[in-house]
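The values are calculated or read from the model by the stated rules, or taken from the named source; none is laboratory data. From a predicted model like this one, the values you see are computed outputs, not experimental measurements. Positions of Cβ are generated from backbone atoms using ideal geometry, with glycine treated the same way; all protein chains shown enter the neighbour counts.
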Amino acid sequence: MKLVSYKTEDREHLGVYINGHIYNLNSCDKLIPDSMSEFLWGGDELMEHAKRVDEAIRSGKMQAKEELFYELLAPVPHPTSCRDAYAFRQHVETARRNRGVEMAPEFDQFPVFYFTNHNSIQGPGEVECMPDHFEQLDFELEVAVVLNKKGRNIKAADADSYIAGFMIMNDMSARTLQMDEMKLNLGPAKGKDFGTVTGPWLVTPDELEPYKVAAPEGHIGNAYNLQMLCHVNGKEVSRGNMADMNWTFAEIIERCAYGCDVLPGDVIGSGTVGSGCFLELNGTGLLNDPNYQPQWLQPGDLVEMEVTGLGVLGNIIKKSTSDHSILALRK
């Protein structure tokens with residue numbers, strides 16, 4: 001099942017995406033709330049209601065009215081929190097090598113994550129960026145999960161049952177701002193907080209069963225063979241696979257939930273897949289060829305991310321008309 005959030009006449013709604021059409025879930029079953037946030041707090045019970053509606057529409061047993069005029073939003077427009085992990089060893093190791101530093105042994109000891117701005121979640125369409133963001137503006141090709149159960153001190157062996165679904169995630173990154181602040185051993189903050197893009201829909205775990213593979217040796221939880229691609233202006237710039245995650249989402253959730261509550265509506269990203277950003281690609285290019293021309297996102301660029309089973313997330317990069325700069329305020 002593919003769940004969507006969308007807007008009609010300035011009102012947000014919850015729908016199901018079937019064969020290119022969107023149907024409002026609340027109009028088909030009044031027990032289903034008309035917002036993703038409320039729906040996720042209903043846990044497995046409301047998920048079963050939605051699956052019954054989805055099946056009834058697909059089989060023709062229910063004649064539902066499709067939405068004709070709408071704006072597609074991020075699947076979870078108002079997450080309770082947004083964390084991003086660091087689960088792909090290839091990306092971490094390559095990025096560190098390109099900076100001339102050794103691989104951190106701690107990567108193989110525990111999964112790590114940071115909190116990003118859950119109030120800057122965006123969906124398909126235009127992404128507006130400030131002038132400072134265009135100082136080495138980058139994409140990051142990722143997958144994210146969304147939770148629909150409250151939990152605390154969850155064990156990895158049980159953590160997959162907390163996942164409501166999967167979606168594509170683009171952790172937009174302003175590298176100049178990011179590198180400035182991280183010199184002080186804090187962040188990422190201003191380099192990340194302006195826009196995290198997710199979508200186009202939230203895919204329930206049952207749809208990914210055909211792609212399930214064994215977790216890495218010594219690890220616990222579900223893993224999936226999902227090809228991950230990113231095109232910029234129609235040109236492929238990144239290719240990876242979700243099966244290359246060295247830490248599973250189950251293990252990441254276990255760490256997130258240690259000593260604190262995780263909540264329905266929490267979004268957790270995988271971190272960047274190997275080769276999944278210009279920072280890594282540029283570093284490798286310059287390492288191999290001093291004349292390599294680094295590439296960064298520019299105003300008007302079309303960024304399209306595609307993941308097997310999860311759809312295509314498309315965004316056009318737009319430059320703000322404001323000339324305000326925080327880089328210019330540095331003493």
* Asked: Looking at the stretch 196-221, which of the residues that are touching a residue at least 24 places away in the same chain (Cβ under 8 Å) and on the phi > 0 side of the Ramachandran plot is farthest from the chain's Cα centre (by Cα)?
  -> GLY221
* Structure fact -> Those residues of the stretch 182-195 which are over 21 Å from the mean Cα position of the chain (by Cα) and either part of a loop (DSSP other than H, G, I, E, B) or at pLDDT 95 or above (or both) amount to LYS183, LEU184, ASN185, LEU186
* To do: State all residues of the stretch 272-293 that are over 11 Å from SER238 (Cα atoms) and in a helix (DSSP H, G or I); if no residue qualifies, say none.
  => LEU279, ASN282, GLY283, THR284, GLY285, LEU286, LEU287, ASN288
* Among GLU12, GLU48, which is the only one that is closer than 22 Å to PHE166 by Cβ, without any contact (Cβ under 8 Å) to a residue 12 or more places away in the chain, not assigned by TED's automatic domain parsing to the domain that holds MET245 and not basic (Lys, Arg)? -> GLU48
* **Residue that is in a helix (DSSP H, G or I) and in contact with a strand residue (DSSP E or B) (Cβ under 8 Å, 6 or more places away or on another chain), where the choices are ASP44, ASP54, ASP84** => ASP54
* Asked: Within the bounds of the stretch 74-88, is there any residue that is at pLDDT 95 or above and over 20 Å from ILE163 (Cβ atoms)?
  -> no
* Asked: So, of the residues in the stretch 155-204 that are within 26 Å of GLU254 (Cβ to Cβ) and among the hydroxyl-bearing types (Ser, Thr, Tyr), which turns out to be surrounded by the fewest Cβ atoms within 10 Å (Cβ to Cβ)?
  -> SER161
